[in-house]
Amino acid sequence: MKFVVIAAFFAAALATPAAAQSIGGHYKVAGTNFDGAPYSGEADIALTSQTTCEIKWTTGSTESSGICMRNDDSFAAGYVIGDKIGLVIYKLMADGTLNGLWTIAGQEGNGTEVLTPG
């Protein structure tokens, strides 16, 4: 019995690095602009290390890209959209969904965004 408990502990410990890598992939995007108007699209996250990545969004005819980083259940990305710089901060949920708030430099307020794996 003691062996089973120890084996389960080590299996759980070994699953942690895999979870760190699981953030990469394709996502469906659903968000709101500063004025509350909804938007949707797709995002792709490509891992560059265990905690860093590159991200690209396509929402309607707009494309933006940037760099991103994960720290536990926090996930942040700096991005360029046109000639402006933006920032989005997400919380990684247990189901793999990323719930976030975003802003653009020089503009007041924020939008919301949810990335759903798939």
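Where a number appears in this text, it was derived from the coordinates with a stated rule and is not lab data. As the structure is a prediction and not an experimental result, all values here were calculated from the model. Cβ coordinates were reconstructed from backbone atoms using ideal geometry, including for glycine residues, and neighbour counts include every protein chain displayed.
Observations
- Order of Ser49, Ser61, Ser22 under a 10 Å beta carbon neighbour criterion, fewest first: Ser61, Ser49, Ser22
- Net charge of Cβ neighbours under 15 Å - reference Lys56; Lys, Arg +1; Asp, Glu -1: -4
- Summing +1 for each Lys or Arg and -1 for each Asp or Glu among the other residues whose beta-carbon sits under 13 angstrom from that of Ile67 gives +1.
- Gly78 sits among other residues whose Cβ lies under 12 Å from its own Cβ, and their net charge, with Lys and Arg +1 and Asp and Glu -1, is 0.
- Here the residues Glu108, Glu63, ranked from fewest to most Cβ neighbours within 10 Å of their Cβ, fall in the order Glu108, Glu63.
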